[in-house]
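Right, one structure below, let's go through it.
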Amino acid sequence: MHRFEPLPRPRAIQKPEFRHPETRWSNVTEFLASESHADGIHVIGGGPARQIELMIGGDPFAVAGGPVTVIFSGAVTQRSTKIPPFFSGSRLAAVIGHPYIAISDPGLELSDSIAIAWYVGSAVHDTARGLAKLLTPLALRLGTGLWLVGGSAGGFAALNLAHLLPGGPSVFTWNPQTDIVEYSRNFVTTYLTQAYPIPAASLQGEDYKDAARSALTYYGRRYTVLEDLPSQGPGRLIYLQNATDTHLQDHCVPYLRSQGYTSHAPGIWRRSPEHVVWVAGFAEGHTPLSRDRLISLLTRFTTTRFDVLSEVLEIDGTPEYDDDPALRPVGLTD
């Protein structure tokens with residue numbers, strides 16, 4: 001029988017102890033009604049895979065203007081030895097200095113075998129729409145001053161939320177998935193069989209992608225940012241893609257084509273001056289950018305008075321980003 005309760009925590013594993021106060025709220029409405037929110041952990045709602053756990057700094061829900069960063073996590077390595085919540089990126093955000101919100105993915109609460117859930121949800125909770133309700137007041141107030149930030153699975157979450165939120169928030173992402181079903185098969189099938197009442201046998205054939213999409217559609221969960229998008233999407237976008245990452249062909253190229261991007265310079269595609277995909281040798285394969293690079297780039301893009309394309313063109317080719325343009329891919333949108 002399928003379980004929707006989290007698996008028992010192994011005795012040898014301890015839930016992480018955060019040096020932050022924890023505040024509990026019965027629901028999103030109660031949380032948003034508060035005039036201020038102390039730095040630390042905030043738990044909204046309850047129940048397995050339903051509650052939203054945040055780590056916040058700088059009282060982002062009370063500030064009058066941006067930038068405010070919202071951080072989404074990618075896959076959790078050695079998942080079976082770790083206990084949620086996972087607030088990846090909170091230290092990165094704290095160093096940059098803007099008010100921030102780091103969000104743990106509720107889907108990871110369902111099983112210690114789920115290492116990645118894309119902030120999509122489960123059979124019992126639509127995580128993306130729950131987060132949209134939480135962040136809508138910020139999006140309306142801040143517009144492009146609200147920055148949705150994440151890489152890989154967190155990048156999918158950032159792109160997905162940008163299409164669910166009003167006000168055109170900004171997105172800063174690296175090596176994101178743009179269709180979760182096109183990610184590694186074992187991660188996809190583990191997530192689906194643990195988070196939904198989907199028999200494993202239905203995902204064993206060559207048509208498993210069709211079966212996965214049908215199941216997610218049945219539950220009303222958005223799994224792609226390539227089509228049937230509900231809004232105009234990000235007001236600003238800086239999308240960084242490692243040139244040697246398989247995500248280039250499986251996720252980036254379909255995104256470029258579906259969103260109408262055109263080539264501007266070697267490794268640089270644009271839809272407008274504020275929407276840029278930059279493909280370069282940031283790191284090898286699917287490896288994320290170094291912490292120093294992320295801090296430098298995120299600080300620059302969240303504070304610049306110039307458009308995204310101007311910033312990319314000024315940075316590209318500097319000593320820190322001096323990979324050979326001749327080795328960058330061409331013709332991706334032909």
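The values are calculated or read from the model by the stated rules, or taken from the named source; none is laboratory data. Everything numeric here is computed off the predicted structure, so don't read it as measured data. With ideal geometry, Cβ positions are generated from the backbone for all residues, glycine too; neighbour counts draw on all protein chains shown. The accessibility values were calculated without ligands, DNA or RNA, using every heavy atom of the protein model including side chains. Shrake-Rupley method; radii C 1.70, N 1.55, O 1.52, S 1.80 Å.
Some notes on this structure:
- Potential lengthening between Ile315 and Arg213 on full extension [0.36 nm per residue; Cα-Cα distance subtracted]: 32.8 nm
- Site-free segments of the chain were taken between GluC sites (Glu not before Pro) in DSSP loops having at most 11 other Cβ atoms within 10 Å, sites themselves excluded; the longest one is 36-205.
- The charge dipole of the chain, taken about its Cα centre with unit charges on the Cβ of Lys, Arg, Asp and Glu (plus for the first two, minus for the last two), comes to roughly 780 debye.
- Charge dipole (Cα centre; +1 on Lys/Arg Cβ, -1 on Asp/Glu Cβ; no other charges) of the range 137-290 amounts to roughly 460 debye.
- Kirkwood Rh and Cα Rg combined as Rg/Rh, the range 141-190: 1.08
- Helices in the chain that qualify as membrane-span-like (whole DSSP H runs, Cα extent of at least 20 Å along the helix axis, mean Kyte-Doolittle hydropathy of 0.5 or higher) are 127-142.
- Kirkwood-based Rg to Rh ratio, the range 48-117, C-alpha trace: 1.03
- 10 Å-binned pair-distance histogram of the range 190-240 (Cα, whole percent): 20, 43, 22, 15, 0
- Each Cα pair under 8 Å and six or more residues apart adds its separation to the average, and for the range 214-277 the resulting relative contact order is 33 percent.
- Extension gain from Ala326 to Thr23, taking 0.36 nm per residue of separation minus the Cα-Cα distance: 103.8 nm
- Antiparallel %, DSSP beta bridges [both residues in the range 63-182], to 5: 5
- Calculated FRET value between Ala62 and Glu284, using beta carbons and R₀ = 35 Å, to 0.05: 0.25
- When you work out D = kT/(6 pi eta Rh) for the range 282-334 at 25 °C and 0.890 mPa s, using the Kirkwood radius from C-alpha pairs as Rh and the Stokes-Einstein form, the result is 191 µm²/s.
- Once the Kirkwood radius over Cα pairs is known for the range 209-317, the Stokes-Einstein relation at 4 °C and 1.567 mPa s delivers a diffusion coefficient of 84 µm²/s.
- In this structure, the amide hydrogen of His125, modeled 1.01 Å from its nitrogen in the peptide plane, lies closer than 5 angstrom to no residue at least 5 positions away or on a different chain.
- Of Cys252, Pro266, Tyr239, farthest towards positive along the dipole that unit charges on Lys, Arg, Asp, Glu beta carbons give the range 225-271: Pro266
- Volume in Å³ per residue [convex hull over Cα atoms, computed for the range 235-289]: 75
- Surface analysis of the range 176-334 yields an accessible area of 46 Å² per residue, using protein heavy atoms and a 1.4 Å probe.
- Applying 0.36 nm per residue to the separation of Leu140 and Ile295 and subtracting their alpha-carbon distance, the gain on full extension is 53.2 nm.
- Heavy atoms of the protein chains alone define the surface here; on that basis the range 15-101 has 46 Å² accessible area per residue at 1.4 Å probe size.
- P(r) tail, the range 27-70: Cα-Cα pairs separated by more than 12 Å, 63% of all pairs.
- For the range 177-304, share of DSSP beta bridges that run antiparallel, in % to the nearest 5: 55
- If you take the Cα centroid of the range 227-303 and the Cα centroid of the range 37-56, the two points sit 30 Å apart.
- Virtual spin-label span in nm between Val43 and Thr303, 7 Å along Cα→Cβ: 3.6
- Within the accessible area of the chain (1.4 Å probe), percent carbon and sulfur: 51
- Taking amide H atoms as placed 1.01 Å from N in the peptide plane, the amide H of Leu240 lies under 5 Å from those of Thr173, Trp174, Asn175, Trp278, each 5 or more residues away in sequence or on another chain.
- Histogram of C-alpha separations across the range 143-238, 5 Å bin width, %: 3, 14, 22, 21, 15, 12, 8, 4, 1, 0
- Interchain or long-range residues, amide H under 5 Å from His264's placed H: Trp269, Arg270
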